[in-house]
1. Can you find, within the stretch B:17-34, the residue that is nearest to the other protein chains (Cβ to nearest Cβ) among those that are acidic (Asp, Glu) and surrounded by 10 or more Cβ atoms within 10 Å (Cβ to Cβ)?
2. Does the stretch B:1-46 hold any residues that are under 25 Å from B:MET100 (Cβ atoms) and of a type in the set (Gly, Ala, Ser), and which are they?
3. Tally the residues that are surrounded by fewer than 18 Cβ atoms within 10 Å (Cβ to Cβ) and either touching a Cys at 6+ places or on another chain (Cβ under 9 Å) or touching a residue at least 24 places away in the same chain (Cβ under 8 Å) (or both), restricting the search to the stretch B:47-86.
4. Can you confirm whether the stretch B:99-111 contains a residue that is assigned to a helix (DSSP H, G or I), touching a His at 6+ places or on another chain (Cβ under 7 Å) and crowded, with 19+ Cβ neighbours inside 10 Å?
5. Look through B:ILE166, B:ILE131 and report the one residue that is touching a His at 6+ places or on another chain (Cβ under 8 Å), under 23 Å from B:VAL52 (Cα atoms) and of a type outside the set (Lys, Arg).
6. Is it the case that some residue within the stretch B:139-147 is out of contact with any strand residue (DSSP E or B) (no Cβ under 7 Å at 6 or more places or on another chain), touching a residue at least 24 places away in the same chain (Cβ under 8 Å) and not charged (D, E, K, R)?
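Just so you know, all these numbers are worked out from the coordinates, no wet-lab data involved. Being a predicted model, the structure only gives us computed values, none of them experimental. Note: ideal-geometry Cβ built from the backbone for every residue, glycine included; neighbour counts use all protein chains shown.
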Amino acid sequence: MLRILEINLNHPAHYISFGPFSVSAGNLTIILSMCAIFILALFLPFPNHDQAEKHTSLKSEKR
Amino acid sequence: MSNKSSWTGRVRAATLEKFEPEDLLPEVQPAYVASWIYIFGVATLAALIMLVASGLYLTLEGPAWWHTSKVGHYVNSVHLWSVELFFVFMVVHLWGKFWMAAWRGRRLATWITGCLAFFASIITGFTGYIIQTNFDSQWIATQAKDGFNAVGIGAFFNTLNTGQAILLHVSLLPLVLGGIVIWHVILVRRKGVVPPIDEAGE
């Protein structure tokens, strides 16, 4: 079952080139994943975010 | 109450004045911290803990073990994937803090210690790659040797000297990085988490 997830890395890396710029497919995948994670972190709602805001506003009212 | 005639009393008084226990271990956080972008600092710390734990195991057993045994392969992989996640989380944390100008509100020292931790991590990661004792590490070390020679520091930091690289990776650099990270976290706790730019009062 886990064999499906295996990636054979026993060969030279695949490179993508744009003029003088060159990056391996593995590194490009990680960079694009980081960009995706960053954008998702900005826009995905955080669990209990509304409750946290309510809790803080109640605390500030008490003060 | 504090005896300020002795240096221990003066250090204690100065420490308690600068680092109040309520700031170092707070029970509540501001509402804006309930956002995914504020997760990546602690995620980086979690990856660092996994790195240190798996690294200690590798240090005890040695290269013959991590190249040949099943458990060795597993712990070696945990160490590799911890460092991959460590850098991914740290870079996303860096992007988040850069775009919210996290040096605002007298937090410049926090920002600078974060930058220092990033550079120390790169050097620590690099020495890790050249002590894998495989063809990959040979390739990286010989290529880096040319680079370091070209900038004139090849004799001081000789990447072909595996003993030097191992000692740097398992003793000096973790101490330096650990010290910077602890300093960074203490500053975050002391100054508080930076609010978003559009937060009132900023």
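1. B:ASP23
2. B:ALA31, B:ALA34, B:SER35, B:GLY41, B:ALA43, B:ALA46
3. 7
4. Yes: the stretch B:99-111 contains one or more residues that are assigned to a helix (DSSP H, G or I), touching a His at 6+ places or on another chain (Cβ under 7 Å) and crowded, with 19+ Cβ neighbours inside 10 Å.
5. The unique qualifying residue is B:ILE131.
6. Among the residues of the stretch B:139-147, at least one is out of contact with any strand residue (DSSP E or B) (no Cβ under 7 Å at 6 or more places or on another chain), touching a residue at least 24 places away in the same chain (Cβ under 8 Å) and not charged (D, E, K, R), which makes the answer yes.
Residue-by-condition table, conditions (1) assigned to a helix (DSSP H, G or I); (2) not aliphatic (A, V, I, L, M):
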residue	(1), (2)
B:GLU17	yes, yes
B:ASP23	yes, yes
B:PRO26	no, yes
B:GLN29	no, yes
B:GLY41	yes, yes
B:THR44	yes, yes
B:LEU51	yes, no
B:SER54	yes, yes
B:TYR57	yes, yes
